[in-house]
Amino acid sequence: MDQGLIPRRYAKALLETAEERGVSAALYGQMVALHSAFEAEPELGKAVANPFVGFDAKARLLETAAGVKADDKDAATFTDFVKLLVSNRRIDLMREMTVAYIDLYRRAHDIVRVEVDSAAPLSSEARARLRAVIGRKMPAGGTIELVEKVDPTLIGGFVININNERLDASVKNELERLRLNLLK
């Protein structure tokens, strides 16, 4: 079976369960934290996929990476999900399921992730203008999830990524285009 289909099915079932229990927003936060942990620490993915690491150890590791606390009532859905994955021997697909859940949640709640790379930190005025411009293109009631990164190699300007679209208005890009034109 397709490795992308399995995570998506589990993520869809998880979202439906979380919506029924009224904890989908809290679970979204846990999944975002887990995804960040997978991105920041590649060894986490290796440990989860390692057949010599016990299932209970993997479950504790994932709960810790997601910021789940044992006494948190909103954490029960995450914990139940991890237990289900352990019993079905699908825990090694947790990273893909995390990505699928985040994607499904964003679509269901009209959340648009906007990544802005700029040479210097954005001013509050620039941030507000950016939110206003993007907000005009979004469905009513949509939310912008703004992620800012500073990249001094851009020299000046910015690069914006919205879903699969990219706007590169950086000095670095302009210089590269100028260089390529001179080489012609």
### Query
Just how large is the dipole of the chain about the Cα centre, in debye to the nearest 20, putting +1 at every Lys and Arg Cβ and -1 at every Asp and Glu Cβ?
420 debye
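Before rounding to the nearest 500, sum -39500 (n - 2.57) across all DSSP H runs of length at least 4 in the chain and divide by the residue total; then give [θ] at 222 nm in deg cm²/dmol. Present the calculation step by step, with values, prior to reporting the outcome.
Details: 8 runs with 107 residues, N = 184.
Helix-only estimate at 222 nm: -18500 deg cm²/dmol.
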### Message
I'd like the carbon and sulfur percentage of the solvent accessible area for segment 63-184, probe radius 1.4 Å, heavy atoms only, ligands and nucleic acids excluded.
### Response
53 percent
### Task
Determine the per residue accessible area of the chain with all protein chains present and a 1.4 angstrom probe, expressed in square angstrom.
61 Å²
### Summary
Farthest towards the positive end of the dipole of the chain, among Ile102, Ala11, Phe158 and with Cβ unit charges of +1 on Lys and Arg and -1 on Asp and Glu, lies the Cα of Phe158
### Query
Running Debye on segment 45-138 with equal point scatterers at the Cα sites and no solvent, what base-10 log of I(q)/I(0) appears at q = 0.11, 0.15, 0.20, 0.22 Å⁻¹?
-0.52, -0.76, -0.96, -1.07
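Counting only DSSP beta bridges with both residues in the chain, what percent are antiparallel, rounded to the nearest 5?
60 percent
Quick one: divide the alpha-carbon radius of gyration of the chain by 2.2 N^0.38 Å and tell me what you get. It would help to have the intermediate numbers written out before the result.
On the way: Rg = 19.9 Å, N = 184, 2.2 N^0.38 = 16.0 Å.
The reported ratio for this selection is 1.25.
The values are calculated or read from the model by the stated rules, or taken from the named source; none is laboratory data. None of the values given here were measured: they were computed from a predicted structure. Cβ sites come from the backbone with ideal geometry, for glycine too, and all protein chains shown count toward neighbours. Calculation scope for accessible area: heavy atoms of the full protein, side chains included, ligands and nucleic acids excluded. Shrake-Rupley method; radii C 1.70, N 1.55, O 1.52, S 1.80 Å.
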